[in-house]
Amino acid sequence: MGPERITFGGRLLPAALIAPQLLIVGLFFYWPAVQAVWQSFQMQDAFGLSTEFVWFENYRALFTDPAYYQALVTTLVFAAAVAGLSLGFALLLAVMADREIRGSGIYRTLLIWPYAVAPAVAGVLFGFLFQPGLGLIARGLNQIGIPWNPLLDGNHAMILVVMAAAWKQVSYNFLFFLAGLQAIPGSVIEAAAIDGAGPARRFWTIVFPLLSPTTFFLMVVNVVYAFCETFGVIDVLTHGGPGRATQTLVYKVYQDGRIGADLGGSAAQSVVLMAIVIGLTAIQFRYVEKRVAY
């Protein structure tokens with residue numbers, strides 16, 4: 001007997017139940033998106049007193065700006081590094097936490113806590129730890145012969161923001177990986193062990209393929225996170241520097257719009273950024289999902 005299907009006597013109650021969510025989505029997503037698209041075809045003065053409709057002039061200026069392509073490359077490298085590091089480390093922690101050991105519930109709770117930390121707060125924490133003159137980890141790196149200075153070295157700055165952004169996301173990934181591991185039937189693992197498969201072989205031939213739906217979902221979420229939700233980390237740690245080494249697309253939208261007062265150009269960048277994220281998500285669903293075993 002299948003699950004009981006819930007039916008409503010009329011259309012008023014279902015509409016009332018979904019109305020608050022539709023209102024929030026429309027007010028905080030669709031309306032700003034429409035405003036951004038409209039504003040991307042306009043040019044305003046710094047005080048917003050005069051507006052001129054310029055059609056695709058903002059997009060033409062955007063796609064002829066070498067700094068924008070530099071920010072695009074930086075964003076792709078940053079997103080790949082953050083997604084790879086956070087997914088890999090979270091999977092390792094989930095595999096270790098899935099073992100039957102004393103106090104495992106406490107360990108799992110502690111591993112989930114960092115997800116409650118705001119991105120800006122994560123940036124402050126890593127800023128204290130890796131500050132060239134006073135940071136505990138930075139001083140240790142200098143003592144072993146690594147001249148750590150993210151304020152002057154672009155590579156060091158990129159490593160710093162990648163670590164901070166990945167650390168912030170590890171707990172989220174860990175939660176889903178752990179749930180996926182616990183959903184795998186123990187009888188399957190035991191049968192493989194009886195057949196002589198070692199721990200590494202059992203993981204790569206049985207566990208990891210069964211985790212592919214979870215991995216695919218988290219990969220999409222982490223790419224979107226790296227593209228759109230890491231502004232706070234970058235703003236606190238590097239402000240996009242040094243020398244634009246950590247200027248991602250989302251941070252360039254802020255710099256050009258808020259600091260540079262180019263509202264039309266900033267709106268055009270936000271529209272292109274949204275299109276890029278949608279395109280990358282579609283590519284993942286089109287090509288990567290084929291390798292997922294549901």
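The values are calculated or read from the model by the stated rules, or taken from the named source; none is laboratory data. What you see is a predicted model, and the numbers here were worked out from it, not measured in a lab. Quick reminder, even Gly has a Cβ in these numbers, built from the backbone with ideal geometry, and neighbours come from all protein chains shown. Areas reflect the complete protein model, heavy atoms only, side chains present, ligands, DNA and RNA absent. Shrake-Rupley method; radii C 1.70, N 1.55, O 1.52, S 1.80 Å.
Among the helices (runs of 4 or more DSSP H) confined wholly to region 46-159, which include 1 or more residues that are under 25 Å from VAL253 (Cα atoms) and touching a Ser or Thr at 6+ places or on another chain (Cβ under 6 Å)?
57-63, 66-97
Out of (1) open to solvent by 40 Å² or more (accessible area, probe 1.4 Å); (2) modelled with pLDDT of 85 or more, what's the single condition that is false for LEU160?
Looking at each condition in turn, LEU160 falls short on (1).
Does region 91-141 hold any residues that are of a type in the set (Lys, Arg), modelled with pLDDT under 85 and open to solvent by 60 Å² or more (accessible area, probe 1.4 Å), and which are they?
Hits for region 91-141 are ARG99, ARG102.
Does PHE227 fit the bill of being in a helix (DSSP H, G or I) and buried (at least 17 other Cβ atoms within 10 Å of the Cβ)?
When the stated conditions are applied, PHE227 passes them.
Residue-wise test of (1) within 15 Å of the chain's Cα centre (by Cα); (2) within 30 Å of GLY264 (Cα to Cα).
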{"position": "ALA67", "(1), (2)": "no, yes"}
{"position": "VAL73", "(1), (2)": "no, yes"}
{"position": "ALA81", "(1), (2)": "yes, no"}
{"position": "LEU91", "(1), (2)": "no, no"}
{"position": "LEU125", "(1), (2)": "no, no"}
{"position": "ILE137", "(1), (2)": "no, no"}
{"position": "LEU141", "(1), (2)": "no, no"}
{"position": "ILE159", "(1), (2)": "no, no"}
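Yes or no: TYR251 hydroxyl-bearing (Ser, Thr, Tyr), assigned to a helix (DSSP H, G or I) and at pLDDT 90 or above?
So TYR251 passes the test.
Let me spell it out: the conditions are (1) open to solvent by less than 60 Å² (accessible area, probe 1.4 Å); (2) closer than 16 Å to PHE78 by Cβ; (3) in contact (Cβ under 8 Å) with a residue 24 or more places away in the chain, and GLY240 meets all of them except one. Which number is the exception?
Answer for GLY240: the failing condition is (3).
Can you go through ALA36, ALA19 and tell me which one is at pLDDT 85 or above and either open to solvent by 100 Å² or more (accessible area, probe 1.4 Å) or under 23 Å from GLY265 (Cα atoms) (or both)?
ALA36
Do we have any residue at all in region 45-56 that's charged (D, E, K, R), at pLDDT below 85, over 29 Å from LEU263 (Cα atoms) and open to solvent by 100 Å² or more (accessible area, probe 1.4 Å)?
Taking every residue of region 45-56 in turn, none turns out to be charged (D, E, K, R), at pLDDT below 85, over 29 Å from LEU263 (Cα atoms) and open to solvent by 100 Å² or more (accessible area, probe 1.4 Å).
How many residues are open to solvent by less than 70 Å² (accessible area, probe 1.4 Å), in a helix (DSSP H, G or I) and either within 30 Å of HIS239 (Cα to Cα) or among the hydrophobic types (A, V, I, L, M, F, W, C) (or both) when one looks only at region 163-195?
Going through region 163-195 one residue at a time, the tally reaches 20.
For region 231-246, name all the residues that are in contact with a Lys or Arg (Cβ under 8 Å, 6 or more places away or on another chain), of a type outside the set (A, V, I, L, M) and modelled with pLDDT of 90 or more.
Result: no residue meets the conditions.
Test of understanding: among VAL207, VAL221, which residue is farther than 21 Å from GLN39 by Cα, in a helix (DSSP H, G or I), modelled with pLDDT of 85 or more and open to solvent by 30 Å² or more (accessible area, probe 1.4 Å)?
VAL221
Which condition does PHE78 not pass, out of (1) surrounded by fewer than 18 Cβ atoms within 10 Å (Cβ to Cβ); (2) under 22 Å from VAL170 (Cα atoms); (3) not aliphatic (A, V, I, L, M), if it passes all the others?
It fails just one condition, (1).
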